[in-house]
Amino acid sequence: MIDSVSGPNLKRIGLHLSRPRSQRGQLSEYMPGRGKLARGRYWARWRIYVRQADGSETEKRAAKIIDRDVAEQRGFVLDYSGPLTKTDARQVLEKLIRESISVPAAYTAKTTFGELAREYIDLNKPNWGVNTSRSSGNLIQAHLIRKLDARPIRELTDAELQRLVNGYVEQGSSSSLLSKLTMYLRAILDVAVDRRLIERNPARKLKAKARRRPSKQAHTLEECELLLAQVSGGNQIAIRLLMQLGLRSEELFALRKNDIRASELVIDEAIVDGETKEPKTLASAGVMYVPPDLELELVHYTQTIDGAPDAWLFPSARKQRPMRPSNFLRRVLKPAAIRAKIALLTDEAGEPGTTVNFQSLRRTAATLFGAKAKDPKSTQAHMRHADPLVTLRHYQREIPAEVKAAALALEQDLLEQKRRREEALEASGENLPVV
């Protein structure tokens, strides 16, 4: 006889074991809250057993409406037309139950968000371009993995993810960043759902409305002349290329001496993380028309730098590498804009700043060129946006005459604005500082 005090508790033996998996489920033509379903549709219910990390097991109820479409999606071949029969609906339910039996172990896996996010990046890199791979990888790493790295996938909740996104909204993050954060959160957790690490995606209903409006800043001709008057030499050439031809910063600092041809500028490289890569897109690569005065300035400037044909047009202090866009922005462009008093602002420390940047100069190029062009397609071709450049690359081998005409007109306006300012300064006896 077993001592009821010190012996084992027979009533609790086996409680740690899994429950029996055999079940038939329930199949009904009626659904709670909706009443009788249409002919050929059945409401199915069955149980899913989920083992927790501590070894305990919980029971969840699964429900699904089964019809002909669901049966065919599950691989059933129906040799009749019309609504699904109850016999076939029962077979579909049995298959759903069999699939559910293998789910509990997956649902209790200890996969972390960081592990799944890194795997997501590795799997998608082959389909991403160079720039997308860099920007998307950095965004996921800096904003998602850094904050959710060690969190088990199965413990993430809708509320936790919404609070994460709300933090970025309160910081005044751009709509672009917010949309990417929610997009990648959903995509990464969709992988978790597909692998049955979780039952549902907690990021599927995330909401993020930016409080900061996207910048549409572009500068006037007068502001362009004031900015150019604050710089000289290679710095002035660089800014002219940005505001006149609309080059992207990564394209500008990847230029070499042999990229300059008679009235043309070849765009075939870009600087990404200090390394030369292909341009942002296939449409970005091409040949740009360079108006006469800018061409003359470029030729004179190239005579002052390294004589090698493949020498960088805007080298760093060590000459062996191109200048980093971030260094040019911080050391040249923004100080010049502050001196010229263009788009000024004051930071939290009370120091003067400016909203002038590479993007505002590119928008300026599009705005000023567009005012001179005869139609939007010419502007898009000049800015090397995707659609018009397909025409230029495959059908028009030469730069269109209207693109040249608009570029010439823009240059004349810039030169005229400079002439007027010089005349005004000469009349007033003032000298504008040049650095």
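The values are calculated or read from the model by the stated rules, or taken from the named source; none is laboratory data. These numbers were taken from a predicted model, which means no experiment stands behind them. With ideal geometry, Cβ positions are generated from the backbone for all residues, glycine too; neighbour counts draw on all protein chains shown.
For segment 243-282, give me each residue that is of a type in the set (A, V, I, L, M, F, W, C), farther than 14 Å from residue 324 by Cα and either assigned to a loop (DSSP other than H, G, I, E, B) or within 21 Å of the chain's Cα centre (by Cα) (or both).
Answer for segment 243-282, where residues must be of a type in the set (A, V, I, L, M, F, W, C), farther than 14 Å from residue 324 by Cα and either assigned to a loop (DSSP other than H, G, I, E, B) or within 21 Å of the chain's Cα centre (by Cα) (or both): 245, 247, 262, 282.
When you go through (1) buried (at least 18 other Cβ atoms within 10 Å of the Cβ); (2) in contact with a Ser or Thr (Cβ under 7 Å, 6 or more places away or on another chain) one by one for residue 291, which number turns out not to apply?
Going through (1) buried (at least 18 other Cβ atoms within 10 Å of the Cβ); (2) in contact with a Ser or Thr (Cβ under 7 Å, 6 or more places away or on another chain) one by one, residue 291 breaks only (2).
Look through 265, 296 and report the one residue that is among the hydrophobic types (A, V, I, L, M, F, W, C) and surrounded by 15 or more Cβ atoms within 10 Å (Cβ to Cβ).
Only one candidate passes the filter, namely 265.
Which of the residues spanning segment 21-41 are of a type in the set (Ser, Thr, Tyr) and closer than 23 Å to residue 99 by Cβ?
Of segment 21-41, the ones of a type in the set (Ser, Thr, Tyr) are 22, 28, 30.
Of everything in segment 21-41, those that are of a type in the set (Ser, Thr, Tyr) and closer than 23 Å to residue 99 by Cβ turn out to be 22, 28.
Of all residues in segment 397-430, which are modelled with pLDDT under 85 and under 32 Å from the mean Cα position of the chain (by Cα)?
399, 403, listed by residue number.
Within segment 361-376, is there a residue that is modelled with pLDDT under 75 and part of a helix (DSSP H, G or I)?
Yes, segment 361-376 contains a residue that is modelled with pLDDT under 75 and part of a helix (DSSP H, G or I).
Output the number of residues of segment 185-217 satisfying the condition of being part of a loop (DSSP other than H, G, I, E, B) and either more than 23 Å from the chain's Cα centre (by Cα) or within 30 Å of residue 112 (Cα to Cα) (or both). Spell out how you get there, then give the answer.
Just the residues of segment 185-217 that are part of a loop (DSSP other than H, G, I, E, B), to begin with: 195-217.
From what is left, the residues that are either more than 23 Å from the chain's Cα centre (by Cα) or within 30 Å of residue 112 (Cα to Cα) (or both) are 195-210.
Total satisfying the criteria: 16.
Specify which of the listed residues (136, 176, 215) is modelled with pLDDT under 90, surrounded by 14 or more Cβ atoms within 10 Å (Cβ to Cβ) and within 30 Å of residue 355 (Cα to Cα).
Only one candidate qualifies: 136.
Taking the conditions exactly as written (modelled with pLDDT under 85 and among the charged types (D, E, K, R)), does residue 45 satisfy them or not?
no
Cβ-Cβ distance below 8 Å, separation of 6 or more or different chains: which pairs start in segment 188-200 with a residue that is at pLDDT 90 or above and end on one that is among the small types (Gly, Ala, Ser) and in a helix (DSSP H, G or I)?
As it stands, the answer is 188/117, since those pairs meet every condition given.
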